[in-house]
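**Student:** Could you have a look at this structure, given as structure tokens, before my questions?
Every number in this text was worked out from the coordinates using simple rules, so none of it is lab data. No experiment lies behind these values; they were computed from the predicted model shown. Here Cβ is always computed from backbone atoms with ideal geometry, including for glycine, and neighbour counts include all displayed protein chains.
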């Protein structure tokens, strides 16, 4: 059992550094070939940060662990809203711009609702995956257009801050970061799936529950760290935007692309319980953020309490 958790933890660490290397290498190469920082920031950076979830779900689907893959996506979306925003708001009350609530939030809710509707027949088919990937391209086009119209976005600022250093790297180092990142991501994802599968098997826990808890929290740790840094720096709106964007890409990019490769079967409990919980946290976020356009410490506590309650519901049958 200890070995399984060790394999999972090593996979998580390798996955984290692999994502960092991939983003650094891909962004610097894109800038080197003359792609505008705006496009790099809103595509390479955005998709790169979702690569851990994609590869974990890809290997889970290939290993016939579809419940683990589905649980990871639903659990990651719940973690992003309830755990990350809840904990970050406890550190520092988070301001939320009107633009975020009027643009990104409705899109996120629409995408999560579409995810649920596509799953109602018990499978996310290749056709469903194609619909989600088409939605991904439409969303990226909207984001680039909106950023051009409204000015520099946080993703572009990230390129301007970190990308300038990366572009000075020697060409071979850029390629090394890119290739090394891909290899590390693949290895880390494989180790995480193997470790999580063994944990579920040895402890008699449903793969769906493992995906909703251990795997989801693990793949959300980078976003949690980034959001806590944003909260400490009092850049709360950037943190909220990151969370909404991550939930969008989890569905459009990760589920869409994985379903194109390997259709995902959906169990009845996920349809009856876990999808509604994900949508419920999304709905709850609106009134909390709408009041004075901020998420207070009390409201963050509400989100965190809801998350702990959901975790308790998931794990109690196995520890009682």
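**Student:** Please report the orientation-averaged projected area of the stretch 76-123, defined via the convex hull of its C-alpha atoms, in nm².
**Tutor:** On the way: hull surface 15.8 nm².
Averaging across all directions leaves 3.9 nm² for the Cα convex hull.
**Student:** Further question: Report relative contact order for the chain in percent, whole number only (criteria: Cα-Cα under 8 Å, sequence separation at least 6).
**Tutor:** On the way: 478 pairs, mean separation 141.1, N = 320.
Reported relative contact order: 44 percent.
**Student:** Between residue 170 and residue 5, how many nm apart are label points set 7 Å from Cα along the C-beta direction?
**Tutor:** Once both label points are built, they end up 4.3 nm from each other.
**Student:** Still on this model: Which residue, 195, 204, 25, tops the fluctuation ranking in a GNM of the chain built on C-alpha contacts under 10 Å?
**Tutor:** So, out of 195, 204, 25, the one fluctuating most is 204.
**Student:** I need the shape label for the stretch 269-320. Rule: rounded when a/c is under 1.5, else prolate if a/b > b/c, else oblate, with a, b, c from the alpha carbon gyration tensor.
**Tutor:** The shape class here is oblate.
**Student:** Of the residues 74, 84, 127, which exhibits the maximal mean-square fluctuation in a Gaussian network model of the chain defined by a 10 Å Cα contact cut-off?
**Tutor:** In this elastic network of the chain, the residue with the biggest mean-square fluctuation among 74, 84, 127 is 127.
**Student:** What number, rounded to the nearest 500 deg cm²/dmol, is the helix-based mean residue ellipticity at 222 nm of the chain, given -39500 (n - 2.57) per DSSP H run of at least four residues and division by all its residues? It would help to have the intermediate numbers written out before the result.
**Tutor:** Values: 16 runs with 228 residues, N = 320.
The helix-only estimate for the chain comes to -23000 deg cm²/dmol at 222 nm.
**Student:** Provide, as a two-decimal number, the C-alpha radius of gyration of the stretch 163-320 over 2.2 N^0.38 Å, N being how many residues it has. Working shown, then result.
**Tutor:** Details: Rg = 18.9 Å, N = 158, 2.2 N^0.38 = 15.1 Å.
Normalised by 2.2 N^0.38 Å, the Cα Rg of the stretch 163-320 equals 1.25.
**Student:** At 7 Å along the Cα-to-beta-carbon direction for both residue 138 and residue 305, put a label point, then send me their distance in nm to one decimal.
**Tutor:** Going from the residue 138 label point to the residue 305 one covers 3.9 nm.
**Student:** Shifting gears a bit: What distance in nm lies between label points placed 7 Å from Cα along the C-beta direction at residue 319 and residue 117?
**Tutor:** Between residue 319 and residue 117, the label points sit 3.8 nm apart.
**Student:** Which of 62, 101, 185 moves the most in a Gaussian network model of the chain with Cα springs under 10 Å?
**Tutor:** Fluctuation is largest for 62.
**Student:** What FRET efficiency comes out for the pair residue 232/residue 312, r = Cβ-Cβ distance, R0 = 22 Å, nearest 0.05? Before the final figure, lay out the partial values.
**Tutor:** Details: r = 29 Å, r/R0 = 1.30.
Rounded to the nearest 0.05, the efficiency is 0.15.
**Student:** When a footprinting reagent is the concern and you count Cβ atoms within 10 Å, what order do 310, 318 take, fewest first? If you can, show how the numbers build up before the last one.
**Tutor:** Working: 310 23, 318 11.
Final ranking by Cβ density, sparse to dense: 318, 310.
**Student:** From the gyration tensor of the Cα coordinates in the chain, what semi-axes in whole Å does the equivalent ellipsoid have, largest first, with each one equal to sqrt(5λ)?
**Tutor:** On the way: eigenvalues 158, 121, 74 Å².
So the equivalent ellipsoid measures 28, 25, 19 Å along its semi-axes.
**Student:** While we're on this one: Quick one: order 290, 21 by neighbouring beta-carbon count within 10 Å, fewest to most. Mind dumping the intermediate values first?
**Tutor:** Working: 290 14, 21 21.
Neighbour counts put them in this order, fewest first: 290, 21.
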